[in-house]
2 protein chains.
Amino acid sequence: MAKKKSGAQTIVFPSAPRIAGWASVVGPKEGQGPLGKTFDRVLDDDLMGQESWEKAECQMLSQAADLAMKKAGIAADGIDIMLGGDLLNQIISASFAARSLARPYLGLYGACSTMAESLLLGAMALDGEYADCALCCTCSHFSTAERQYRFPLELGNQRQPSSQWTVTGAGAAILQKEGPIQIVSATIGKVEDLGIKDQDNMGAAMAPAAADTLLRFFADTGMRPQDVDLIVSGDLGMVGQTLTRQLCLQQGLSLDERYIDCGSCIFAPDQDAHSGGSGCGCSASVLNGWLLGRMMDGEIRRMLFMATGALLSPTTVLQGETIPGIAHAVLLEKGVV
Amino acid sequence: MAKKKSGAQTIVFPSAPRIAGWASVVGPKEGQGPLGKTFDRVLDDDLMGQESWEKAECQMLSQAADLAMKKAGIAADGIDIMLGGDLLNQIISASFAARSLARPYLGLYGACSTMAESLLLGAMALDGEYADCALCCTCSHFSTAERQYRFPLELGNQRQPSSQWTVTGAGAAILQKEGPIQIVSATIGKVEDLGIKDQDNMGAAMAPAAADTLLRFFADTGMRPQDVDLIVSGDLGMVGQTLTRQLCLQQGLSLDERYIDCGSCIFAPDQDAHSGGSGCGCSASVLNGWLLGRMMDGEIRRMLFMATGALLSPTTVLQGETIPGIAHAVLLEKGVV
């Protein structure tokens, strides 16, 4: 099997590296949402007894990593590479978690696409035999993101209807040769930018990248939407998910009810999250909680998981730039038992 | 040949992916330094006709990438993956350069270790046959880094003797199956932190990671320093380089005059750069200018290139955290002609 066809953005992993263990840790609001029972741990207090939300975010990532290792039955010294990142400047949550882990570490920045980016690079490392075990992880925290990207929480700013709510959550997956969930292929996204400038509408900014990656995946693999049981985007929210459907349809790709979005699922309408959840931790916690759980329960056999990121910074917005987006996808399959 | 021995941090690339083209673009101060003639392009004006230094930094990275592609004889659509990152929040220089390139893109954050991180992931992608051509690149800009990490330039703050000067520069390398420089192996670093809190002494903060990665490389490969012609660290500067020598010596590894540091080479003593150069662009421009040039001239046949990063953020410093460091290394060889 060719690992990559000329001109394709999708790479195939002939050995299908496995997700051997996974875990999610989320904040209180996420725990009260419709998926609350599917996470491994729901925090009572999103400060976690730390002195700052930034330290809590790091702690949450470490906890998710520890739980995933425990579930995969390995100790920290069994990790060959940690691949991780987060939304904070200089990805401090991931880097400080890597300091505690004390294993080889490669820092990533894909904004909210990081869960898929870490899985695809981890699968590459395992399939290529450069590692026997990889830890792929990411996180976000409402209170750190809000004050870094937007306004001090104390200001109590009103939110736009198209705004999203950054998920307080972390997800971690352990890749090994053996395990129940296979990573079959990965589609590496291009940066797409249709000129959205409204930083309160990230879903619209990310939709073109999401649609492009979906179109590339189906073109590269020759598959049709009905060949997968579930197509999941990361954190487009209600607005971005609708736009993604429309952009795909314009190109002849019809996504039916098998297409869902983590950001549109994680909060209930009465939770005041407006267009839905966002942040690296959104798709990371939903994948490493609800979604892989559904695969284990036999509800889903083949799932295309695509995490989506908006590559803006407060500086680029102030300098009048539009908001580029990116989306990476991995095709997951539950092995036949 | 095994790609990775159990417990090792060094991975071997049996097909030895090649650096087929490379280029460097630097600012005026770097051009006036001792290595000035070895860069592909020296800017007259580090604003490059843009409206902001951030836009100039992005432009500089795109120029380095274009030059490297030209030298490798490929067009943008020949790039299977762009692997890049930089020092700015949300790695906007790399992500906005990726938007112009319009090819599959994976964003990295390794602070000033990014050149080595991108080369090692690119070599993994090529050796594992997931890509035929990878663009590995990074950059930094004195004026963007200064105002993001330290103070407004207009303030004219005094600098400590141990301070370093962020290099205005970009470096890009094109990896392909054929080409003059082989990437033989890579050593993935762990985060090391010996408790340095002084953000005006990054060299001291990074030295433990540099020493650890060097020790791991020699332990993993069974090589001795005399087996390589040159050992190069990224941007430790005078202070960090001296400490790295001492830390290695304490562990029985003696580094003689074949060990140099890009940050200690790029500026002359009278250029007022104190402990030396720093920033992702420091080792990136020196590698993709002077060092690969020396390999082509036959002066160096085998070189261990190790880029070093300090994983702090202004927030972690304000929150009383120490400064973690990381270092990744790649072993390069000039193929026999």
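General remarks:
- Based on the Kirkwood approach, the hydrodynamic radius assigned to the range A:168-217 is 13.9 Å, with every pair of different Cα atoms included.
- Counting only heavy atoms of the protein chains and using a 1.4 Å probe, B:E178 has close to 140 Å² of accessible surface.
- Rounded to 5, percent antiparallel among DSSP beta bridges of the protein assembly as shown: 65
- Antiparallel %, DSSP beta bridges [both residues in chain A], to 5: 65
- With the convex hull drawn around the C-alpha atoms of the range B:266-337, the volume per residue stands at 108 Å³.
- Accessible surface calculations at 1.4 Å, restricted to protein heavy atoms, place the range A:216-256 at 45 Å² per residue.
- Within the range A:139-164: backbone nitrogen closer than 17 Å to the B:E154 label point (7 Å, Cα to C-beta): none
- Percent accessible area from carbon and sulfur atoms, the protein assembly as shown, protein chains only, probe 1.4 Å: 49
- Counted residue by residue at 0.36 nm each, then reduced by the alpha carbon distance between them, the extension gain from B:E51 to B:M223 reaches 57.0 nm.
- Rg then Dmax, both in Å and based on the Cα atoms of the range B:116-259: 17.6, 51.
- Considering all different alpha carbon pairs of the range B:229-313, the Kirkwood hydrodynamic radius works out to 13.4 Å.
- Rounded to whole Å, sorted largest first: equivalent-ellipsoid semi-axes of the protein assembly as shown, Cα gyration tensor: 37, 27, 24
- Across the range A:181-337, Cα-Cα distances exceeding 23 Å account for 34% of all pairs.
- Relative to one another, the C-alpha centroids of the range A:44-70 and the range B:18-95 are positioned 38 Å apart.
- Neighbour net charge for A:P208 - beta-carbon separation under 11 angstrom, K R +1, D E -1: -2
- Buried solvent-accessible surface, both chains (B, A), 1.4 Å probe, Å² to nearest 100: 4900
- When the C-alpha to C-alpha distance is required to be over 29 Å, the pairs from A:K55/A:K197; A:K4/B:K5; A:K4/B:K55; A:K29/A:K55 that qualify are A:K55/A:K197; A:K4/B:K55.
- Ordering of A:221-231, A:291-301 by burial proxy (mean other Cβ atoms within 10 Å per residue, highest first): A:291-301, A:221-231
- Virtual spin-label span in nm between B:R41 and A:R147, 7 Å along Cα→Cβ: 4.1
- For B:K71, a cut-off of 22 angstrom between C-alpha atoms picks up these lysines, skipping any fewer than 8 places away in its own chain: B:K37, B:K177, B:K334.
- Of the residues B:K29, A:K177, B:K70, ranked by 1.4 Å probe accessible area with the largest first, the sequence reads B:K70, A:K177, B:K29.
- Note on A:314-323: average number of Cβ atoms from other chains within 10 Å of each residue's Cβ is 4.
- Across the range B:313-330, rounded Karplus estimates of 3J(HN,Hα) from the backbone phi angles (6.51 cos²θ - 1.76 cosθ + 1.60, θ = phi - 60°) give 9, x, 5, 5, 5, 5, 8, x, 6, 7, 9, x, x, 8, 8, 10, 10, 10 Hz, Gly and Pro being marked x.
- Entry note: the range B:112-199 has Rg to Rh equal to 1.10, where both radii use alpha-carbon atoms and Rh is the Kirkwood radius.
- The solvent-accessible area of A:L247, taken with every protein chain present and a 1.4 Å probe, is close to 40 Å².
- Sorting B:136-146, B:190-200 by their mean Cβ neighbour count within 10 Å, with the most densely packed peptide first, gives B:136-146, B:190-200.
- Scaling the Cα radius of gyration of chain B by the globular reference 2.2 N^0.38 Å produces a ratio of 0.90.
- Eligible aspartates and glutamates near A:K70 by straight Cα distance, threshold 19 Å, same-chain separation 8 or greater: A:D40, A:D80, A:D132, A:E178
- Shielding score for B:182-189, defined as the mean number of other chain Cβ atoms within 10 Å: 2
- Calculated [θ] (222 nm, deg cm²/dmol) that DSSP helices of n ≥ 4 give over chain B, each run adding -39,500 (n - 2.57): -9500 deg cm²/dmol
- Residue-averaged beta-carbon neighbours from other chains (10 angstrom radius) around B:92-100: 6
- In Å², nearest 10: area of A:R103 left accessible to a 1.4 Å probe: 40
- Legend: residues B:Y259, B:Y149, sorted from most to least accessible area (1.4 Å probe; ligands, DNA and RNA excluded), read B:Y149, B:Y259.
- Compactness check for the range B:169-252: Cα Rg over 2.2 N^0.38 Å is 1.25.
- For the range B:179-196, the residues whose amide N sits under 20 Å from a probe point set 7 Å from the Cα of A:D77 along the beta carbon direction are B:188-193.
The values are calculated or read from the model by the stated rules, or taken from the named source; none is laboratory data. Every value quoted in this text rests on a predicted model; they were computed, and no experiment measured them. Please note: Cβ atoms are built from the backbone with ideal geometry, for glycine as well, and neighbour counts cover all protein chains shown. For the accessible areas, the whole protein counts, side chains as well, though only heavy atoms, and no ligand, DNA or RNA atoms are used. Shrake-Rupley method; radii C 1.70, N 1.55, O 1.52, S 1.80 Å.
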